Structures are given as structure tokens and as C-alpha cells.
1. If we only count strands (runs of 3 or more DSSP E) wholly inside segment 64-119, which ones have 3 or more residues that are closer than 26 Å to residue 135 by Cα and in contact (Cβ under 8 Å) with a residue 24 or more places away in the chain?
2. Criterion first (crowded, with 16+ Cβ neighbours inside 10 Å, within 19 Å of residue 59 (Cβ to Cβ) and of a type in the set (Val, Ile, Thr)) does residue 178 satisfy it?
3. Residue check: is residue 170 in contact with a helix residue (DSSP H, G or I) (Cβ under 6 Å, 6 or more places away or on another chain) and either in contact (Cβ under 8 Å) with a residue 40 or more places away in the chain or assigned by TED's automatic domain parsing to the domain that holds residue 71 (or both)?
4. Specify which of the listed residues (18, 71) is at pLDDT 60 or above and touching a helix residue (DSSP H, G or I) at 6+ places or on another chain (Cβ under 9 Å).
5. Which one is surrounded by the fewest Cβ atoms within 10 Å (Cβ to Cβ), of the residues in segment 116-129 that are of a type in the set (Ser, Thr, Tyr) and in contact with a Leu (Cβ under 9 Å, 6 or more places away or on another chain)?
6. Within segment 130-148, is there a residue that is closer than 19 Å to residue 182 by Cβ, in contact with a strand residue (DSSP E or B) (Cβ under 7 Å, 6 or more places away or on another chain), crowded, with 19+ Cβ neighbours inside 10 Å and touching a residue at least 24 places away in the same chain (Cβ under 8 Å)?
7. In segment 175-193, how many residues are farther than 19 Å from residue 118 by Cβ, charged (D, E, K, R) and touching a residue at least 60 places away in the same chain (Cβ under 8 Å)?
8. With the requirement that a residue be under 17 Å from the mean Cα position of the chain (by Cα) and among the aliphatic types (A, V, I, L, M), what does segment 175-202 give you?
Amino acid sequence: MIEYIRRKWTNYKNEKSLFGKISDAVFVLFLIAILIPASRKEISSFAIRIISTSPGTLKPDEQKTVSYEALQWRLISIEGKEVQLSDFKGKPVFINFWATWCPPCVAELPEISDLYQSYRDEVVFLLITDESAETVRNFMKQKNYDLPVYIIQSSVPNIFGTNSIPATFVVSPENKIVIEKRGAAKWNSDSMHTLLDGMIKK
């Protein structure tokens with residue numbers, strides 16, 4: 001058996017190209033990383049980030065209107081400030097449901113953070129979770145993010161109902177849902193900038 005393995009190893013070294021050896025080594029390291037719990041979430045997030053694409057907008061006849069009742073939805077920031085959706089009348093609103101333990105959520109945060117830095121004064125960003133404020137604050141500090149996170153205070157309106165996270169809704173100043181995306185996405189894209197710029201200029 002040992003002799004068989006030795007022969008196979010010799011053949012592998014002699015016949016495999018350098019690129020092939022490097023590819024095999026990367027694959028083995030990837031498998032090892034996936035098997036280690038401490039690195040599993042980071043590896044998964046990295047892979048998701050690579051394959052994520054920019055979300056498309058809904059056609060006008062597919063866009064739902066956020067009702068008056070839904071606009072009364074209450075949230076509280078991790079700093080303790082209470083808000084409701086109606087406070088942001090006339091502005092585009094970016095609503096993202098997420099959690100610190102969710103790899104796809106973590107994967108898209110760099111894109112959301114970059115988008116937020118570009119539009120923080122003109123677009124309302126609501127990153128919404130049901131985790132504790134302390135958990136979120138520790139996560140944001142560890143990852144060095146400056147993002148507006150809110151804790152759910154009342155039942156989520158049906159129009160924003162979702163069974164999975166991340167889930168993102170972009171609401172126009174006219175209270176129309178123009179993007180409804182479940183799963184991670186590439187948010188800091190040219191198409192997203194064009195959409196937000198158009199809504200801001202109206």
C-alpha cells in the first residue's frame with residue numbers, strides 16, 4: 001500500500017503542471033477552511049460576495065405601494081432613538097433585513113457600507129435586525145462599520161414580510177417599492193447609483 005501511494009505521488013509530481021498543483025493546493029486549503037468552524041462564515045461570505053450581482057428594479061406595474069398603516073411601523077436604533085417609516089416622507093428608503101450570524105448578510109455589508117457612505121445624506125438606510133443592540137454594536141465595532149442599525153419594535157408590515165434573510169426593499173419617495181431582493185446582492189453598482197440619483201433629483 002505504501003509503495004502504491006509512493007508511485008502515485010511520484011507520478012503526480014512528474015505529470016501535473018505547476019498551475020495544476022497550485023489549483024489543487026488552493027482547493028485543499030479551501031476544504032480545510034470550510035471544515036474549521038471559526039473560518040467557515042468568513043469563507044462563505046467571501047464566496048457569496050464574489051458571485052453576487054446587482055439587483056434589478058421592478059416594472060411599474062409590479063411595484064407595490066407602502067400603505068399608511070405600514071408607514072407607522074416603529075423601529076428603534078441601537079443608540080435608542082425611536083423612528084417610524086413616516087418620518088422619512090419624501091426620501092428614498094433602503095431597508096435591509098439582516099443578522100450578524102448570517103453569511104449572506106455579512107457578505108453584502110461591504111457593498112451596503114460603500115453605498116451608505118455615498119448617499120447617507122440623501123437616502124435613508126435602515127438595517128433591521130431582531131438581535132440585541134449589544135450584539136450588533138460589538139459586531140459593528142469588530143468589523144469597523146458605521147451603519148444605521150435598527151431593532152424591530154412592532155410587527156413587520158406584510159408588505160415587507162420575508163421568510164429569509166438578507167432581504168432588501170428600496171422604497172421611492174412616492175412610497176413605491178422599486179426593488180425587492182431576497183439574498184445577497186452587489187449594492188454599490190452603477191445601476192444602483194443611477195436609480196438613487198434619479199429618485200433624489202425628482
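The values are calculated or read from the model by the stated rules, or taken from the named source; none is laboratory data. Quick caveat, the model's predicted, so the values are computed rather than measured. Neighbour counts are summed over all protein chains in view; Cβ atoms, including those assigned to glycine, are modelled from backbone coordinates with ideal geometry.
1. Values: elements: 74-77, 82-84, 93-97.
Once the strands (runs of 3 or more DSSP E) in segment 64-119 are filtered for at least 3 residues that are closer than 26 Å to residue 135 by Cα and in contact (Cβ under 8 Å) with a residue 24 or more places away in the chain, what remains is 74-77, 93-97.
2. yes
3. Numbers: in contact with a helix residue (DSSP H, G or I) (Cβ under 6 Å, 6 or more places away or on another chain): no; either in contact (Cβ under 8 Å) with a residue 40 or more places away in the chain or assigned by TED's automatic domain parsing to the domain that holds residue 71 (or both): yes.
So residue 170 fails the test.
4. Numbers: 18 fails: touching a helix residue (DSSP H, G or I) at 6+ places or on another chain (Cβ under 9 Å).
From the options 18, 71, the qualifying one is 71.
5. We begin by selecting, within segment 116-129, every residue of a type in the set (Ser, Thr, Tyr); these are 116, 118-119, 129.
Those still in the list that are in contact with a Leu (Cβ under 9 Å, 6 or more places away or on another chain) too: 116, 118-119.
Details: 116: 20, 118: 14, 119: 19.
Once the filter is applied, the top-ranked residue is 118.
6. The answer is no, given that none of the residues of segment 130-148 is closer than 19 Å to residue 182 by Cβ, in contact with a strand residue (DSSP E or B) (Cβ under 7 Å, 6 or more places away or on another chain), crowded, with 19+ Cβ neighbours inside 10 Å and touching a residue at least 24 places away in the same chain (Cβ under 8 Å).
7. Adding up the residues that qualify gives 2.
8. The answer is 179, 184, 185, 192.
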